[in-house]
1. Would a scan of the range A:417-435 turn up a residue that is touching a strand residue (DSSP E or B) at 6+ places or on another chain (Cβ under 7 Å), of a type in the set (Phe, Trp, Tyr) and at pLDDT 95 or above?
2. Going by the structure shown, is A:ALA338 in contact with a strand residue (DSSP E or B) (Cβ under 9 Å, 6 or more places away or on another chain) and away from every other protein chain (no Cβ under 13 Å)?
3. Tell me, yes or no, whether the range A:211-220 has at least one residue that is surrounded by fewer than 24 Cβ atoms within 10 Å (Cβ to Cβ) and within 23 Å of A:ASP273 (Cβ to Cβ).
4. Can you work out which of the residues in the range B:260-276 that are surrounded by 24 or more Cβ atoms within 10 Å (Cβ to Cβ) and in a loop (DSSP other than H, G, I, E, B) is nearest to the other protein chains (Cβ to nearest Cβ)?
5. Criterion first (in contact with a helix residue (DSSP H, G or I) (Cβ under 7 Å, 6 or more places away or on another chain) and outside any strand (DSSP E or B)) does A:TRP143 satisfy it?
6. Could you please give the count of residues in the range B:161-210 that are surrounded by fewer than 20 Cβ atoms within 10 Å (Cβ to Cβ), on the phi < 0 side of the Ramachandran plot and part of a loop (DSSP other than H, G, I, E, B)?
7. Does A:LEU423 count as surrounded by fewer than 19 Cβ atoms within 10 Å (Cβ to Cβ) and under 15 Å from A:TYR383 (Cβ atoms)?
8. Among the residues of the range B:391-420, write down those that are at positive phi and under 26 Å from the mean Cα position of the chain (by Cα).
2 protein chains.
Amino acid sequence: GICYVGSETLWQRTFTSFGVLFLQMGWGDLGAFGEPSKETPNLDQMAAEGMLFLDFYTANPLCSPSRAALLTGRLPVRNGFYTTNAHARNAYTPQDIVGGIQDSELLLPELLKKAGYINKIIGKWHLGHRPQFHPLKHGFDEWFGSPNCHFGPYDNRELPNIPVYRDWEMIGRYYEDFKIDLKTGEANLTQLYLQEALDFISKQQASQQPFFLYWAIDATHAPVYASKQFLGTSQRGLYGDAVREIDDSVGKILRHLQQLGISENTFVFFTSDNGAALISAPKQGGSNGPFLCGKQTTFEGGMREPAIAWWPGHIPAGGVSHQLGNVMDLFTTSLSLAGLQPPSDRQIDGIDLLPVMLQGKLIDRPIFYYRGNEMMAVRVGLYKAHYWTWSNSWEEYGKGTDFCPGQSVSGVTTHTQEEHTYLPLLFHLGRDPGEKFPLSFASEEYQRAMQQITGIVQQHKDTLVPGEPQLNVCDKAIMNWSPPGCEKLGKCLKAPESDPKKCSWPH
Amino acid sequence: GICYVGSETLWQRTFTSFGVLFLQMGWGDLGAFGEPSKETPNLDQMAAEGMLFLDFYTANPLCSPSRAALLTGRLPVRNGFYTTNAHARNAYTPQDIVGGIQDSELLLPELLKKAGYINKIIGKWHLGHRPQFHPLKHGFDEWFGSPNCHFGPYDNRELPNIPVYRDWEMIGRYYEDFKIDLKTGEANLTQLYLQEALDFISKQQASQQPFFLYWAIDATHAPVYASKQFLGTSQRGLYGDAVREIDDSVGKILRHLQQLGISENTFVFFTSDNGAALISAPKQGGSNGPFLCGKQTTFEGGMREPAIAWWPGHIPAGGVSHQLGNVMDLFTTSLSLAGLQPPSDRQIDGIDLLPVMLQGKLIDRPIFYYRGNEMMAVRVGLYKAHYWTWSNSWEEYGKGTDFCPGQSVSGVTTHTQEEHTYLPLLFHLGRDPGEKFPLSFASEEYQRAMQQITGIVQQHKDTLVPGEPQLNVCDKAIMNWSPPGCEKLGKCLKAPESDPKKCSWPH
């Protein structure tokens, strides 16, 4: 998705805006990042007009926790978007999840609201679908989109299809009122999301209202879809068609900002919530370029993301940064743009990237790679130390679930959870971006690098206060049976009796 | 290396020039192709000012045959740069090779000479080192460089070190007179090659002489080296240092052409003779981006190459082409630039790329992937059919020689030579650039694609007249014991008695 934040900024006391694109795409999916079909002219142009981040990360190898991290500026292990049902398990917010974003968490739109912003989310929310988790209860003023992923149960009335909301109420359901043709891959949802974005921007521009737009589209998430006009237009099949439509939409949004004369007051950021889902390849999965494995893993393919910052007249065109960045930084950076300070009563993991983008600074900071309740790895400079390795279990792998298709690095892409906390596996990501050649434990380089890393990890662990885990309990009774507004549409379904259970997270 | 060809072109009847860079680098080694450290600003700029070829191939996964193909416009199986000692074996020109380029082959500089060109080769020749194979006997007017690779025997007087020639005579040997520090990786050879190129260009410009410069540098070939000023400057270690120095040199050459006022009369092409040598990774090996395996293999990583065409004022800036191209096309394209026709008495495999570069045309043509005497695979459009699969033998693999480190695709990266001639393995390189997901044999798509491919392969095989294989016989007696000029330097060594044997080609 994209979020636009408009504000009286510190630099320019006029109407301004900014944004982040947020969706499931891999590091290697853009032409500017070396995708061989090079079919993203608008995103490549966005990079040419803005700044390319080559070392930018998401906060988790899965969607919901990354989105919670983006909006809270905090690691999922702090904001509660993780599970303790088992060790180092990925978890998200399917329809039967009981938990969601807590009132105690301060979300970016809540804070921006105090500075006069109008905030809109378009697309997938994913921070819980029960009434108390509704985005309009957490700072957003408007919503067009869905609380959960658009997959399953695919028009099976035994279980509810995912509702699509406008603001407080549902206006239909996927597969019923919002069609996705699973056979052809046709769906016009990206066009709907695009029109919503253009209209919202026009409205805010007309009223001189600072705004934050979070454009959280999901066409590249399986089941992948594209509008009719884009079907069959890519070298890359349906996935490429979806990428082309997103690329085209981004171009239209940026041109719209330019035509309205607010591009120089608009900060836009494009990035993704996790690496490409290689389990969906080749038909519905993207590319992580030269990196190891994909979504669900803490290897580079799972968490290193395409990232572009765009702010004409402020961010120098054609810039390239090796700043270690994270989606959580967009929280802090957005506050900074709005002239606000991040909350001081809690640990914030995001940093302000404005000095990086405007003055070319490099800020020293680590990247933590979590899987559920476990810190699997850490990156410091060009070194990455794995404290635990795991792709998935032998059992899941045996069923055909492969997070690293065609890739296998002995002792690294392991199918048992392997602990290396006493002697971490160390990689140099400059010489070895694919994490194939661990450094020798006996080398001077290993000793030197680990000395620094050990201190950083120690400090992180010593001061970590984990949040109450939100992704432990599932209950069919709380699925989207009867969302608000269902009566008007005659779309209320009868919920079964409550039967809360521990959610099963196999990965 | 680079070659510059200057000529009275068809378009501009004034002094002109053009060129090709030729060296061992992988598809993914340039920033413009998605290398994560993005340390090739000059090559990226060259691409921005010229045309990027994303689907460009070399003629062989190994050096000598690719270089013979570049200069003859013909597949190695036609020009003799292959072996029949065993099935589907890579072969090149080590010091004890008896064969070399035949007089019956017409080389690009021989043909250009008739049109008044002055031709120079700087760097590695690699088409045989015996007197009859000398580049000045095959059309070149000047030479600074070596007949063989700069590896081994590393100053062991039991075997001769590789000589460095100026024109007809050797002027020293590697490791003796031309130092390469194997411990630090320091060598100033790229600087010597750069100065030679700049001087040659200046001289030709001053005399208004059309010229062809073949700049065949080898700093990224193990043992990788860089000049002192570049050592330690890359995120990627010594390999990256070498890439930076090459990038810097290319920039200096292009700027030199501009400063002399001949850039608009100069066609320059950058490409490589084989994919990155992953056996040398991570310290001395490059990157093949998202592609499978590397040098020595007929997977994309072994033969798909970075490629940039540059000709300011003619080739539109920022162009991108999906034309299936091959190094052999540079033969035909160069002749076309010089207003010459390719020889009509033999099969030429290269095509003229000028319509592609100047008018944006796409020309239908297949790419054949040979390993020695065997056509392993063919690409037609976005489909690639493997008729044989092999990485290397279990025996070599067991010794630690891995052409696909960290990669393993069941039934594809095989360690026995597997024949699929009756039912080729088919990949769609758009959806699956990494060759991980063969199409189902039963699918309609397979049937449709193979119908077309089968006809093309049949026609190719039916009309193929293999050349006399040049890489079958090895003899220690013909090593560089006493190259011309050795007497003056006191560097003649005594050759052993002749003992010709079948060369051993394990891969």
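1. Yes: one or more hits.
2. Numbers: in contact with a strand residue (DSSP E or B) (Cβ under 9 Å, 6 or more places away or on another chain): yes; away from every other protein chain (no Cβ under 13 Å): yes.
It is true that A:ALA338 is in contact with a strand residue (DSSP E or B) (Cβ under 9 Å, 6 or more places away or on another chain) and away from every other protein chain (no Cβ under 13 Å).
3. no
4. B:ALA276
5. For A:TRP143, the condition - in contact with a helix residue (DSSP H, G or I) (Cβ under 7 Å, 6 or more places away or on another chain) and outside any strand (DSSP E or B) - is not met.
6. 11
7. yes
8. Hits for the range B:391-420 are B:GLY400, B:GLY406.
The values are calculated or read from the model by the stated rules, or taken from the named source; none is laboratory data. The structure displayed is predicted, hence computed values, not measured ones. No Cβ is skipped: glycine too gets one built from the backbone with ideal geometry, and neighbour counts run over all protein chains shown. For accessibility, only protein heavy atoms count, side chains too; no ligands or nucleic acids. Shrake-Rupley method; radii C 1.70, N 1.55, O 1.52, S 1.80 Å.
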